[in-house]
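Asks: Sharing a structure, written as structure tokens. Questions coming.
The values are calculated or read from the model by the stated rules, or taken from the named source; none is laboratory data. Predicted, not measured: the structure shown is a model, and the values here were computed from it. In this analysis, Cβ positions are derived from the backbone assuming ideal geometry, glycine residues included, and neighbour counts consider all displayed protein chains. Quick note on the areas: whole protein, heavy atoms, side chains included, nothing else; ligands and nucleic acids left out. Shrake-Rupley method; radii C 1.70, N 1.55, O 1.52, S 1.80 Å.
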Amino acid sequence: MKEVTKKALVSAAGILMTISLVGCGANPKSQSTETAPDAAATVESGSTDVPPEAASKLHLKGGDAFPNFEATNISNDETVSNEVFKKNKVTVLSFWFNGCTSCVKEMPLLQELSDKYKDKGVNVLGVNAEAGFTDDAKDEGRDILSKQGVTYDNIAFNSKSDANQVIEGLTAFPTTMVIDQDGKLVGDPITGGLDRLEGSELLKRVDEALAKAKDN
């Protein structure tokens, strides 16, 4: 598998960060510095991209509660918090960053999921791992979403939010989490990009969570 490593200095956050990009299914190399992904990072086509950070990692698993967070909707700058989980029967969190080709490639499938399941109480919510650190990253993220025709909401955790520890603990991009009404993960995080929606593990998790959800 091909391997690309690129370092970026995020002046707005005052943090030196490193991003590793590796082939599909591989684990990231251990890094000692903390970072947000570089907007200019390049990836190999079809790869699974590995995130920044390695300072204070939080590795979530099935049944864990997603931590409280403060975030900004990168499309309209509205404030979003973990209260969003209570407003929907199921929330699909898709973690991505601007230079991740696999993340962008799966967006039409996530849009399809959003369109088909929105009326059933399913909310698809993208989480851009770098847009909370610089305005340039936020602008680039908006441009990507526009070009992909994405209408589901996308957020960026505030740079000082504890929820960034979740991003630091990810082993690959994209990573997708299915969250129930109580804010708990349904199964372990799903790593790697979608290549289809029907028959996917993601759809199975969503259907499972819907079957257990309370009526609003």
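Asks: What distance in nm separates the simple spin-label points at Lys214 and Asp119, each placed 7 Å from Cα in the Cβ direction?
Replies: Between Lys214 and Asp119, the label points sit 2.6 nm apart.
Asks: What is the gain in length, in nm to one decimal, between Thr151 and Lys86 on full extension, counting 0.36 nm per residue of separation less the C-alpha to C-alpha distance?
Replies: Stretched out fully, the Thr151 to Lys86 stretch lengthens by 21.3 nm.
Asks: By how many nm would the segment from Glu112 to Asp64 lengthen if fully extended, with 0.36 nm per residue of separation less the alpha-carbon distance?
Replies: Numbers: separation 48, 0.36 × 48 = 17.28 nm, distance 2.72 nm.
Gain on extension, Glu112 to Asp64, equals 14.6 nm.
Asks: Just to make sure I understand: if all protein chains stay in place, what is the order of Ser146, Ser81, Ser102 by accessible area at 1.4 Å, largest first?
Replies: My answer, sorted largest first, is Ser146, Ser81, Ser102.
Asks: With each label point set 7 Å from Cα along the Cα-Cβ vector, what nm distance links Ser200 and Asp136?
Replies: 3.1
Asks: Next question, about the same structure. Calculate the translational D of the stretch 97-169 in whole µm² s⁻¹ from Stokes-Einstein, where the hydrodynamic radius comes from the Kirkwood formula applied to all Cα pairs, the temperature is 4 °C and the viscosity 1.567 mPa s.
Replies: The calculation lands on 100 µm²/s.
Asks: Limiting things to C-alpha atoms, what are the Rg and the maximum Cα-Cα separation (Dmax) for the stretch 88-132, in angstroms?
Replies: Using the Cα atoms of the stretch 88-132, the pair Rg, Dmax is 11.2, 32 Å.
Asks: Another question about this same structure. For the stretch 104-164, what is the relative contact order in percent, using Cα pairs closer than 8 Å and at least 6 residues apart in sequence?
Replies: Rounded, it is 39 percent for the stretch 104-164.
Asks: If the chain between Lys184 and Lys57 were fully stretched, how many nm would it gain, using 0.36 nm times the residue separation less the Cα-Cα distance?
Replies: Difference between extended and current length: 43.9 nm.
Asks: Hey, which of these cross-link pairs are over 30 Å Cα-Cα: Lys138/Lys204; Lys87/Lys160; Lys138/Lys214; Lys138/Lys212?
Replies: Lys138/Lys204; Lys138/Lys214; Lys138/Lys212
Asks: A further question follows. Determine the share of the stretch 126-200's accessible area contributed by carbon and sulfur atoms, expressed in whole percent, with a 1.4 angstrom probe.
Replies: Of the solvent-accessible surface of the stretch 126-200, carbon and sulfur hold 38 percent.
Asks: Oh, and also: Give the Rg/Rh ratio for the stretch 119-204, taking Rg as the radius of gyration of the Cα atoms and Rh as the Kirkwood radius, to two decimals.
Replies: Taking Rg over the Kirkwood Rh, I get 0.96.
Asks: Given 20 °C and 1.002 mPa s, how large is the Stokes-Einstein diffusion coefficient of the stretch 45-172 in µm²/s, with Rh as the Kirkwood radius over Cα pairs?
Replies: Value of D from the Cα-based Kirkwood radius: 143 µm²/s.
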